[in-house]
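Notes for the one structure printed next.
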Amino acid sequence: MIPYILYTALILSACLMFYKLLLQKETFFQLNRLVLLSCMILAFILPLLPVPQQLSLRKDAVEAPIPLAKTAVDKNQAVELKAPPVQEVFVEQAKQTFDVDLLLQWLVYLYWFGVLIFALNFLMQACVLFYRAYSLSAIQDGKFRIVEITGDKAPCSFANNIFINPEKYEWETYTQILQHEKIHIEQKHTIDLLLAEVVLVFQWFNPFAWQWRKALESNLEFLTDDKMLQQETVEKESYQFSLLKVAAPHFPLSLTTNYNQSLIKKRIIMMNSKKSSVHTTWKYFFLLPLLVLFVCLFNQPVAQGQTLNLNEESKDQSSIQNGMDTEGSWFAVIKGNTVSIQFKSGEHDNSSTTFQLSELKGLTKDMKGEFTITREAGTMNFAGKFEGDNGMGTYKFIASKSFSKEMAEEGVTVADESDLMVFFMVNVKTSYVKMLKKNGYKDIDKDQLIPLASLDVNEEYIKSIKQADIPNLDLDDLIPFKSMEINKAYIDEIRQAGYKNITADNIIALKSQDISGKFITDFHNSTNGKDDDETGDNIIAFKSMNIDKEFIDSFKELGYKDLSNDDLMALKSLDITPAYIHEFEKVGYKNLKPDDLFALKSLNITPKYIGEFEKIGYKDLKTDDLFALKSQNINPDLITEYKDLGFKDLNVDNVVGAKTMGVSPAFIKSMMEKGHNFKTLEKYVELKAVVGN
């Protein structure tokens, strides 16, 4: 499983780098959407495709399984094998097998734990959106539902629902927002975002997957902006100015299409960029060879799969569980009072377990022979030879029928021989099931018993956790609890830090971020408990974004003592630092509000940009003036051109109004040539409204 997950991550990462380098700046937005969706799906399909042997770059692996498969079938031949030729290979391997396999097992647990957390987050977001969509008042506009929300939240859309606060915007802006969101809905952009979220559930550990979602979301906004500007009723400058009005520095649900403030600059740049030439489409054709290369380089050749199938036909009928047959080869190393045995039944099918040396009955060193290990689930018969502390040979597992019957009496069905072999390896006993039932867990599944027993979730641990009085604690919670070393002391520490009604899921989420009681205490002291909740969501967000007491205190020293949690997260995500604020203080902008800082950073307004206006006489520009100038892409050179035409006493409103209406210096010159000589810029704005283009 791990190779498949990593292979998928590799394909996704390579495709993202290809997109970033060659395609991201192209204005073929619809084609880019197709590329992003296709690569996202192919990343999960390509690793499963077999490749013809003649095209594979892994031909050297084709013959590898044959000797090992024969060894597993022909026991006498396996015993006759001379140890020296292979001893050096397997001794070093056997020394490391237990630790490596244990690490891989933990990685698998960690991976599925992450999948569980992100899947729950995905479902929670979907439930929240559907609840809002059908619990709030809404207006039916054809196939669109306009859901009225309250508060200072940016508009967004999900499925056929548009969420907007109509009291917050002027009529023109409100109309443009609805047009924008209707395009999202008509283009079915929600499907793209849902697919990206599903990818994140299974690729949560992959930073390129998160960047992939961001690239997909950006392209959807570029595509929607392009569709908007194709409408005759929408003027580019007016639309861009509306974007600035709508942008809000908050964090909406990721399943929605929304007015994300951090995207505003990129969107405006893309709207004003030159359209890509059809001659640049050659870049897209390089994607196919890249994907073919991955398939040929990493995928398993067809011939290898056929070889394995032929060998399997010669074996007795048996099922495979956790990559292991009930028959195969073994390699072992004795270390003190323990023996680490690696069971191998194919090139990639192996498992390792450590037994007590005393469990090996009939073992005789330095001579061929047979010995057994018997546990409640069955008996493992070994044939082979130990030379010193290193041994090899063949094995066969025989299940215990009485064990199956006893487990059935306890309500656990374990009839399959391969399941019983796994129970044997983990050493699950009927007494363990009885212990779980005695502690209140009546409905026990066989798939729960394996991780519980392998993690040694014993009665002492269960009782200690139950003393912590976690509500609705079930067996599935005990597995991540034990694997993450969550104990009663940790739970008490979290409660003492302020979370009295914490649930199992909350504890798991906090522990996964390595959040301690001290971190929580520092968080409460630094934020004065503002915007806090009983789930620790804000704590987790702070930890994941590396927002600590030092970061918060650095802003308090500048006078920002009442920052909300959302403000702090916005500051961090936009990389706004005290040093950044000091740069604006040096040019006279003191006591900037958080919203001003967000807008300055989002629009990439720098002290240098402000200094350019000061050089032409604009020394005390307000932040609102700066936002208006930057959003309209107005620079000092444009103002100088207006002044050269005779307009000396221009304020910011004059220039912004002229630029918004398309009253350029060239337009004024053309009107002057026709005899329209006005003394104020406003007159030319009025003239523009009459004559149009």
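Quick notes on this structure:
- Prolate/oblate/rounded call for region 356-490, Cα gyration tensor, a/c under 1.5 rounded: prolate
- Flagged links, alpha-carbon separation over 26 Å, of K442/K518; K438/K518; K274/K674; K335/K365: K442/K518; K438/K518; K274/K674
- Cα gyration tensor, region 592-654 - rounded (a/c under 1.5), prolate or oblate: prolate
- Using a probe of 1.4 angstrom and keeping all protein chains present, the accessible surface of region 454-613 works out to 47 square angstrom per residue.
- Selection of GluC sites (Glu not before Pro), region 455-545, meeting DSSP coil and at most 15 other Cβ within 10 Å: E485, E534
- Taking the empirical scaling 2.2 N^0.38 Å for compact globular proteins as reference, region 550-662 has a Cα radius of gyration ratio of 1.21.
- Long pairs among K648/K679; K615/K643; K153/K182; K429/K511; K590/K648, criterion Cα-Cα beyond 21 Å: K429/K511; K590/K648
- Heavy atoms of D152: accessible area, 1.4 Å probe, square angstrom to 10: 110
- Each part gets one Cα centre, and for region 350-421 versus region 1-22 those centres are 41 Å apart.
- The figure for K590 is an accessible area of roughly 140 square angstrom, using a 1.4 Å probe on the protein chains alone.
- Region 534-586 shape via C-alpha gyration tensor axes, a/c threshold 1.5: prolate
- Between region 595-670 and region 156-204, the alpha-carbon center distance in angstrom: 32
- Loop-located trypsin sites (Lys or Arg not before Pro) across region 106-157 with a Cβ neighbour count of 13 or fewer within 10 Å are K143, with loop assigned by DSSP.
- Length gained on full extension, I41 to L290, computed as 0.36 nm times the residue gap minus the Cα-Cα distance: 88.1 nm.
- Averaging over all projection directions, the Cα-based convex hull of region 483-617 occupies 9.1 nm² in the image plane.
- Accessible surface of region 107-188, 1.4 Å probe: 64 percent of it comes from carbon and sulfur atoms.
The values are calculated or read from the model by the stated rules, or taken from the named source; none is laboratory data. Small disclaimer: the values here were computed from a predicted structure and weren't measured. Because the Cβ atoms are built from the backbone with ideal geometry, glycine has one as well, and the counts that use them run over all protein chains shown. For the accessible areas, the whole protein counts, side chains as well, though only heavy atoms, and no ligand, DNA or RNA atoms are used. Shrake-Rupley method; radii C 1.70, N 1.55, O 1.52, S 1.80 Å.
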